[in-house]
Structure formats: structure tokens, C-alpha cells
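Below is one structure, written out as C-alpha cells, with a few remarks after it.
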Amino acid sequence: MALWGKKTGELEQPAPSLSDERNAPEPANPVMEKEKPMAMLKKEEELPRSSGEVNAVLGRGTEFEGKLTFEGEVRIAGKFTGEIFSKDRLQIDDSARIKAEISTGSLVVYGEITGNIRATQLVELKASARVKGNIETPSLVIERGVIFEGSCKMENLGKGGATVTALPKAEEKK
């Protein structure tokens, strides 16, 4: 009998037979335990909705005509004609061509809009934006390079004073 690694007084136990292995309980050592399948959650259950989550995208190449009402954030990269209503955030991508009356909480524009805009929080016109229509908002940001044809009415809408911020054109990375 070999006594390597054994404490004094410890007896060597006989090897288990094949029938003993079948009836033996699972080993307590986590390294030797069999992997158990993980519970899978649906995407809605994994994470709670955040205010920055995009709920819908009208992608490049899409064309939509009608009335769009939404909650959360929506991005438009295609063509849209009609009306847009929301209390939340709308982003118009640089490939978008919009002909609509827009009423939203906040609006970020990289593309082209023909129509009037009313935002209760903020309108941001990025360097590539082209807007033909009137804007009504308490806070307006216009980057250098924007083309804006229309008038702007800035109201408090029950909040602090109206602000206008003109930003320099974003420098392109080389």
C-alpha cells in the first residue's frame, strides 16, 4: 500500500465498482460537476428599458408615408412624408429626406427636413443638416455648415430662459 499524500491513520478505500458509479451522488467538487444549462431570458427581461434605447429605425432605402406616433427614441434614415408626434427623442440621419410637420420632445437633425418643427425641449441641427421650415423650441443648437431657411420662435414653455448655441463645424478626422 502506498502512503504518498496520506495522513497518518487514514485508510485507503477500495476503488468503486461500475455499479457503484451509476448510483453514486454527483461529486461536490465544482470542477468535476457537470455543466447545467443556463436559464435564457428574453431580451425584454434582460435589461430594463433606458431612455437612450432606440425603439425603432426606418433604415436607408425605406419610404414611409403617414402619421408616426412613438415613445422612446426613433431614428429615421430613409424617406418619410406626413406627420410625426412624440414627447420623446427623434433623430434624423444624414441619409434621411423628411417632408413632415414634426412635434417632438427633442430632435437631432443630420439630414434634410422640409416642414415645421416644434420641440418642447431641444433642437440640434448638425453640420450636414438642411432644414426648410419654421422651428419652435426653447433650446436650439446650430453647428457651422447647416442650411436653415425659415424662422425660429423660442419660447420658455414653462422652463428656464431660451438658449441658442452656435457651434463650430465638427472637424473631420484625418
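What are the residues in region 114-143 that are more than 18 Å from Glu73 (Cα to Cα) and either touching a His at 6+ places or on another chain (Cβ under 9 Å) or not in a loop (DSSP other than H, G, I, E, B) (or both), if any?
Of everything in region 114-143, those that are more than 18 Å from Glu73 (Cα to Cα) and either touching a His at 6+ places or on another chain (Cβ under 9 Å) or not in a loop (DSSP other than H, G, I, E, B) (or both) turn out to be Thr114, Arg130, Val131, Lys132, Ile135, Glu136, Ser139, Leu140, Val141, Ile142, Glu143.
When you check Lys173 against the structure, is it among the basic types (Lys, Arg), at pLDDT below 95, assigned to a loop (DSSP other than H, G, I, E, B) and within 25 Å of the chain's Cα centre (by Cα), yes or no?
yes
With the requirement that a residue be within 20 Å of the chain's Cα centre (by Cα) and surrounded by fewer than 17 Cβ atoms within 10 Å (Cβ to Cβ), what does region 93-144 give you?
Of everything in region 93-144, those that are within 20 Å of the chain's Cα centre (by Cα) and surrounded by fewer than 17 Cβ atoms within 10 Å (Cβ to Cβ) turn out to be Asp94, Ser95, Gly105, Gln121.
Output the residues belonging to region 81-99 that are assigned to a loop (DSSP other than H, G, I, E, B) and among the basic types (Lys, Arg). Show your work before the answer.
We begin by selecting, within region 81-99, every residue assigned to a loop (DSSP other than H, G, I, E, B); these are 87-88, 93-96.
Answer for region 81-99, where residues must be assigned to a loop (DSSP other than H, G, I, E, B) and among the basic types (Lys, Arg): just Lys87.
The values are calculated or read from the model by the stated rules, or taken from the named source; none is laboratory data. Predicted model only: the values in this text are computed from it and were never measured. Don't worry about glycine lacking a Cβ; one is built from the backbone with ideal geometry, like all the others, and counts go over all protein chains shown.
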